[in-house]
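Notes to accompany the following structure.
The values are calculated or read from the model by the stated rules, or taken from the named source; none is laboratory data. Fair warning: this is a prediction, and the values are worked out from it, not measured in the lab. Neighbour counts are summed over all protein chains in view; Cβ atoms, including those assigned to glycine, are modelled from backbone coordinates with ideal geometry. When the accessible area is computed, the model is the full protein with side chains, heavy atoms only, and any ligands, DNA or RNA have been set aside. Shrake-Rupley method; radii C 1.70, N 1.55, O 1.52, S 1.80 Å.
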Amino acid sequence: MTAETLLERITDYANRPDPWPLYAELRDAGPVVRQADGSHLVGTYHEILALLHDPRISADRRSRTTGSPEPAGELPKPPFLRLDDPEHHRLRTLAMRPFGPPHSPARIDALRGEITRITEELTESLRGRERVDIVDDFAYPLPVTVICRLLGVPRKDEPMFREWTDVLVASADIGPEEDTNQPDKAAMQARQEMGHYLLDLADQRRGRPTGDLLSAFVNEPDPVQRLTPDELASTAVLLLIAGHETTVNLITNGVLTLLRRPDQLDLLRREPGMLPRTVEELLRYEPPVHMRERIPLADVDIAGTTLPKGTPVVLAMASGNRDPRRFPDPDRFDPARPDNEHLGFGSGVHLCYGAPLARIEAQTALAALLPRLGTATLAQDPPPYRTNAMLRGPRHLPLEFAPD
């Protein structure tokens with residue numbers, strides 16, 4: 001095994017339960033390591049942070065000059081998450097108008113009551129059961145229900161999105177170069193179907209607003225601030241997927257981490273005021289997003305290595321979160337950790353759009369589960385993981401509870 005095979009080994013499903021030794025090997029091999037397929041892997045905190053803030057580093061796959069570029073004729077257009085400024089800034093700003101500050105500062109905070117109510121319903125459904133799957137029974141339905149309510153998707157249609165989302169997330173995974181033609185075609189079809197559904201839903205609210213995000217987008221009075229149909233479709237698809245996928249992992253990884261560390265679980269049950277700091281440490285220690293791909297728009301020199309224009313660069317943010325040059329004793333889970341400026345939500349202009357909502361959901365979810373976790377044990381450790389290496393988390397997390 002050589003450093004040139006690190007990306008292949010990190011993304012190998014066999015290493016999904018414990019990629020941390022490979023990330024340590026990556027950091028030891030150098031801040032930047034060229035891979036056998038010509039891409040570069042970056043695993044150290046300060047270099048990742050610098051590249052996330054470098055305007056010469058593109059989030060747009062169409063900037064690639066090697067490997068598999070973005071499929072031609074993709075409809076709807078790529079979401080702002082995968083665009084560069086100034087187009088990224090324009091679309092992100094328009095999407096933020098009804099979502100959060102400064103135009104709608106109270107929308108997310110006003111959801112706290114709804115999130116609490118949904119969480120209580122889910123927690124109540126677990127009562128009396130001696131075995132549950134935290135993913136299917138709790139961590140998945142909570143953020144899906146919240147983001148659907150926020151967008152204005154009818155409850156009866158919520159199940160439609162799981163199949164579409166699974167296809168789209170699979171196509172967005174990161175790994176060594178291989179033929180991605182079939183997954184890309186499937187993702188294009190799923191993106192089109194989801195986009196058309198959301199556009200039709202938005203059209204039903206045109207002139208008849210119902211207080212949700214789709215209503216706000218389609219009834220924007222200022223034509224300059226209005227999204228085109230393609231932009232509305234891509235933005236709505238992004239919000240729906242990003243609004244729950246990472247939060248599922250954050251909640252599930254949180255439960256798994258706390259059950260593996262009963263001392264920290266006991267401390268948190270005694271001191272629930274530590275929940276916000278616990279969630280921040282989870283975002284560092286077991287982040288829901290492990291990697292992001294970026295493309296240099298010009299040759300970029302960093303840490304003694306030149307990243308060639310157009311060649312994929314994989315930023316292993318989970319590795320950066322455990323960089324001992326940035327975080328003392330990085331492999332220790334420590335909710336009291338000071339100066340915890342992690343990369344769990346990224347950084348720079350693409351800092352996670354939904355971070356405030358994810359924090360509220362994770363804090364509310366863990367607070368509701370704490371009373372029951374004291375009698376819970378892991379039915380399987382390690383649990384079965386999702387195939388996706390970029391969005392890493394258990395696919396199932398079966399727990400067994402002592403009888404009430």
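Within segment 146-194, if we keep just the residues that are hydroxyl-bearing (Ser, Thr, Tyr) and within 16 Å of the chain's Cα centre (by Cα), the residue that is modelled with the lowest pLDDT turns out to be SER171. Do we find a residue being out of contact with any Lys or Arg (no Cβ under 9 Å at 6 or more places or on another chain) and either in contact (Cβ under 8 Å) with a residue 12 or more places away in the chain or among the hydrophobic types (A, V, I, L, M, F, W, C) (or both) anywhere in segment 337-344? So far as segment 337-344 goes, no, none of its residues is out of contact with any Lys or Arg (no Cβ under 9 Å at 6 or more places or on another chain) and either in contact (Cβ under 8 Å) with a residue 12 or more places away in the chain or among the hydrophobic types (A, V, I, L, M, F, W, C) (or both). The number of residues in segment 356-404 that are assigned to a helix (DSSP H, G or I) and touching a strand residue (DSSP E or B) at 6+ places or on another chain (Cβ under 9 Å) comes to 3. Of all residues assigned to segment 329-348, at least one qualifies as being in contact with a strand residue (DSSP E or B) (Cβ under 9 Å, 6 or more places away or on another chain) and either hydrophobic (A, V, I, L, M, F, W, C) or in a loop (DSSP other than H, G, I, E, B) (or both). So for segment 252-270 (the condition being buried (at least 16 other Cβ atoms within 10 Å of the Cβ), of a type in the set (Lys, Arg), in contact with an Asp or Glu (Cβ under 9 Å, 6 or more places away or on another chain) and in contact (Cβ under 8 Å) with a residue 12 or more places away in the chain), does at least one residue qualify? No, segment 252-270 contains no residue that is buried (at least 16 other Cβ atoms within 10 Å of the Cβ), of a type in the set (Lys, Arg), in contact with an Asp or Glu (Cβ under 9 Å, 6 or more places away or on another chain) and in contact (Cβ under 8 Å) with a residue 12 or more places away in the chain.
Do we have ILE10 as in contact with a strand residue (DSSP E or B) (Cβ under 6 Å, 6 or more places away or on another chain), open to solvent by less than 50 Å² (accessible area, probe 1.4 Å), under 16 Å from MET317 (Cβ atoms) and assigned to a helix (DSSP H, G or I) here? Against the criterion (in contact with a strand residue (DSSP E or B) (Cβ under 6 Å, 6 or more places away or on another chain), open to solvent by less than 50 Å² (accessible area, probe 1.4 Å), under 16 Å from MET317 (Cβ atoms) and assigned to a helix (DSSP H, G or I)), ILE10 does not qualify. Of the residues making up segment 18-27, not a single one is in contact with a strand residue (DSSP E or B) (Cβ under 8 Å, 6 or more places away or on another chain) and outside any helix (DSSP H, G or I).
Each residue in segment 67-91 was checked for being modelled with pLDDT of 75 or more and either more than 20 Å from VAL349 (Cβ to Cβ) or open to solvent by less than 50 Å² (accessible area, probe 1.4 Å) (or both), and 7 of them qualify.
Quick test for you: out of ALA202, ALA242, pick the one residue that is open to solvent by 20 Å² or more (accessible area, probe 1.4 Å) and among the small types (Gly, Ala, Ser). When all the criteria are applied, what remains is ALA242.
If you go through segment 97-114 and keep only what is touching a Ser or Thr at 6+ places or on another chain (Cβ under 8 Å) and open to solvent by less than 80 Å² (accessible area, probe 1.4 Å), you end up with ARG97, PRO98.
Within segment 212-228, track down each residue that is assigned to a loop (DSSP other than H, G, I, E, B), under 27 Å from GLU163 (Cα atoms) and of a type outside the set (A, V, I, L, M). Listed by number, the residues that qualify are ASP212, THR228.
Within segment 357-369, the residues that satisfy the criterion of being open to solvent by 10 Å² or more (accessible area, probe 1.4 Å) and over 17 Å from PRO287 (Cβ atoms) are ILE360, THR364, ALA367, ALA368. When you look at GLU280, is it open to solvent by 10 Å² or more (accessible area, probe 1.4 Å), out of contact with any Gly (no Cβ under 7 Å at 6 or more places or on another chain) and in contact (Cβ under 8 Å) with a residue 60 or more places away in the chain, yes or no? Yes: the conditions hold for GLU280. Could you look through segment 345-355, keep only residues that are farther than 15 Å from LEU240 by Cα and in contact (Cβ under 8 Å) with a residue 40 or more places away in the chain, and pick out the one that is most open to solvent (accessible area, probe 1.4 Å)? If we take residues in segment 345-355 being farther than 15 Å from LEU240 by Cα and in contact (Cβ under 8 Å) with a residue 40 or more places away in the chain, then VAL349 is most open to solvent (accessible area, probe 1.4 Å). Of all the residues in segment 135-169, those that are in a loop (DSSP other than H, G, I, E, B) and surrounded by fewer than 13 Cβ atoms within 10 Å (Cβ to Cβ) number 2.
GLY374 fulfils the conditions (1) under 15 Å from the mean Cα position of the chain (by Cα); (2) farther than 20 Å from TYR140 by Cβ except for a single criterion, (1). Residues in segment 196-219 that are acidic (Asp, Glu) and in contact with a helix residue (DSSP H, G or I) (Cβ under 8 Å, 6 or more places away or on another chain): ASP203, ASP212. For the structure I just gave you, tell me whether ALA50 is at pLDDT 90 or above and surrounded by fewer than 20 Cβ atoms within 10 Å (Cβ to Cβ). Yes, satisfied.
Residues considered: ARG149, ARG131, ARG117. Of these, the only one that is more than 30 Å from LEU378 (Cβ to Cβ) and charged (D, E, K, R) is ARG149. The single condition among (1) at pLDDT 90 or above; (2) open to solvent by 30 Å² or more (accessible area, probe 1.4 Å) that VAL132 does not satisfy is (2). If we keep just the residues of segment 302-324 that are in a loop (DSSP other than H, G, I, E, B) and among the aliphatic types (A, V, I, L, M), which is surrounded by the most Cβ atoms within 10 Å (Cβ to Cβ)? Filtering segment 302-324 for residues that are in a loop (DSSP other than H, G, I, E, B) and among the aliphatic types (A, V, I, L, M), the one surrounded by the most Cβ atoms within 10 Å (Cβ to Cβ) comes out as ALA316.
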